[in-house]
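Structure provided below as structure tokens; questions to follow.
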2 protein chains.
Amino acid sequence: GHLHNSEAFNYGVETWEAYKRGGLSKDLVEEQKKVQEADLLIFQFPLFWFNMPAILKGWMDRVLVQGFAYDLSKSYDCGLLQDKLSLFSFTTGGSQEVYSKEGIGGDIRYVLWPMQHGIMHFCGVKVLEPHICYAPENVSEEKRKEMLAAWTQRLKTLWKEEPIDCSPDWYFK
Amino acid sequence: GHLHNSEAFNYGVETWEAYKRGGLSKDLVEEQKKVQEADLLIFQFPLFWFNMPAILKGWMDRVLVQGFAYDLSKSYDCGLLQDKLSLFSFTTGGSQEVYSKEGIGGDIRYVLWPMQHGIMHFCGVKVLEPHICYAPENVSEEKRKEMLAAWTQRLKTLWKEEPIDCSPDWYFK
């Protein structure tokens, strides 16, 4: 549709205004409907460059617009997507040692901060413990089966889990 | 071109093999040539969700392939893109207070870790102090002009700057 302000283009303002007047493109509206209806959002991906792959980052950039996911002074514990849970489940290239506190990749929690706190917590979504499979490419077939079994097992009791506190202490203590 | 292993598709392996046999798509080869020739890489972007916008993340995902930017045990200080500098220059939505150590967004250095350490340092590229303009949308026109002037000024003496140490201490002390 038309621009809200064609003199000075501001991407954030334009998506916010488009959301309010129902002018977002159809694929975004559909994705937002899914988010609205979900009690739990599970993001499953391979870790690329200490974050999610660009295609999933683009989902965050495009779907979680102002007015829908957060608003002026409605962020973090007051974010608009209340009463939802999220879970980041991913595989890594590096081993668990690489992502230990003394490892060269640094504590894996440093990687989690921008995704869990910076995105989900910002929108008011609570965050469950992440689920991380380290270096599945470099382990035995048996170990890979164990990883799958552990995930299957976890999913069975996921609804009984309590969210993490998502404060800097959880990540950087 | 053809897949290296069409039985079990592995994105990382396929790009690595494609790089080695000169089979990457033309746009990637051109981008890699630019990186190869550059002494300094400046990444300029608006901070989206505590990281770069997806389109720039996609550049990292697609261009910095194994064999070109890093290799088996050739990462971090031994990464393949030696003798280059990088600089992350970005604007934020939140104010400087939001991104202070006690701010709700947390220390801005937490946001820098995955980009500076996790990407550039991983590839052997040295990192200059980031250049951050906080919330240009919400400041006066005069303040915005000051921001531009400060950047202009910094660019003049950029070559005299020393890289940061890029260790966890720099980010999380």
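Which value, in Å², gives the accessible area per residue of chain A when a 1.4 Å probe is used on the protein heavy atoms? Display every interim value, and only then the final one.
Working: 9060 Å² over 173 residues.
For chain A, the solvent-accessible area averages 52 Å² per residue.
For the range A:126-173, which GluC sites (Glu not before Pro) pass both filters: DSSP loop (anything but H, G, I, E, B) and at most 14 other C-beta atoms within 10 Å? Spell out each step's value before the answer.
On the way: sites: A:E137, A:E141, A:E142, A:E146, A:E161; in loops: A:E161.
Answer by residue number: A:E161.
How would A:L47, B:L72 rank on accessible area, largest to smallest, probe 1.4 Å?
The most accessible residue leads, giving B:L72, A:L47.
On to the next question. Using only Cα atoms and rounding to the nearest 10 degrees, what angle (0 to 90) does helix B:26-37 make with the longest principal axis of chain B?
Helix B:26-37 sits roughly 60 degrees off the main axis of chain B.
Now for a different question. Taking each residue in A:119-125, count the Cβ atoms of any other chain within 10 Å of its Cβ, then average. What number comes out? Mind dumping the intermediate values first?
Working: counts 4, 1, 1, 5, 1, 0, 0.
Per residue, the number of nearby Cβ atoms from other chains is 2 on average.
If you don't mind, there's one more thing I want to ask. At a Förster radius of 30 Å, what calculated FRET efficiency corresponds to the Cβ-Cβ distance of A:H2 and B:E31, to the nearest 0.05?
Working: r = 35 Å, r/R0 = 1.15.
Efficiency, from the Cβ-Cβ distance: 0.30.
Measure out, as a whole number of angstrom, how far apart the alpha-carbon centroids of the range B:81-103 and the range A:40-89 sit.
That distance is 21 Å.
I need the GluC sites (Glu not before Pro) found in the range B:1-77, filtered to DSSP loop residues with at most 10 other beta carbons within 10 Å of theirs.
Values: sites: B:E7, B:E14, B:E17, B:E30, B:E31, B:E37; in loops: B:E7.
The qualifying sites are B:E7.
While we're here: Run lengths n ≥ 4 of DSSP H only: what is the helix-derived mean residue ellipticity at 222 nm for chain A, with -39500 (n - 2.57) per run over all residues, to the nearest 500?
On the way: 6 runs with 58 residues, N = 173.
Counting only the DSSP helices, I get -9500 deg cm²/dmol.
Over the whole of B:72-81, what's the average partner chain Cβ count within 10 Å per residue? Rounded to a whole number, please. All intermediate terms of the calculation are to be shown ahead of the outcome.
On the way: counts 0, 0, 0, 4, 2, 1, 0, 0, 0, 0.
Other-chain Cβ atoms within 10 Å of each residue's Cβ, averaged: 1.
Further, regarding this structure: Sort out for me the Cα centre separation of the range A:7-28 from the range B:112-173, rounded to whole Å.
30
Give me the accessible area buried between chains B and A, both sides summed, with a 1.4 Å probe, in Å² rounded to the nearest 100. List each step's numbers first, then the result.
Values: alone 10380 and 10370 Å², together 18120 Å².
It comes to approximately 2600 Å² buried between B and A.
Looking at the P(r) of the range A:50-160, how many percent of alpha-carbon pairs lie beyond 23 Å? The partial results should precede the final answer.
Values: 2444 of 6105 pairs.
Roughly 40 percent, once rounded to a whole number.
Using Cα pairs under 8 angstrom and six or more residues apart, how large is the relative contact order of the range B:35-172, in percent? Before the final figure, lay out the partial values.
On the way: 187 pairs, mean separation 36.8, N = 138.
Averaging sequence separation for qualifying contacts and normalising by length gives 27 percent for the range B:35-172.
What does the structure give for B:107-118 when I average, per residue, the other chain Cβ atoms found within 10 Å of the residue Cβ?
Values: counts 3, 0, 0, 8, 3, 0, 7, 10, 4, 1, 5, 9.
Mean shielding count: 4.
Would you mind computing the Rg to Rh ratio of the protein assembly as shown from its alpha-carbon coordinates, Kirkwood style for Rh?
On the way: Rg = 20.8 Å, Rh = 21.7 Å.
Rg/Rh: 0.96.
Rank these by accessible area, largest first, 1.4 Å probe: B:S89, A:S95, A:S140. The partial results should precede the final answer.
On the way: B:S89 5, A:S95 40, A:S140 65 Å².
Sorted descending by solvent-accessible area, the residues read A:S140, A:S95, B:S89.
The values are calculated or read from the model by the stated rules, or taken from the named source; none is laboratory data. A quick note: this is a predicted structure, and the numbers were derived from the prediction, not measured. Note: ideal-geometry Cβ built from the backbone for every residue, glycine included; neighbour counts use all protein chains shown. When the accessible area is computed, the model is the full protein with side chains, heavy atoms only, and any ligands, DNA or RNA have been set aside. Shrake-Rupley method; radii C 1.70, N 1.55, O 1.52, S 1.80 Å.
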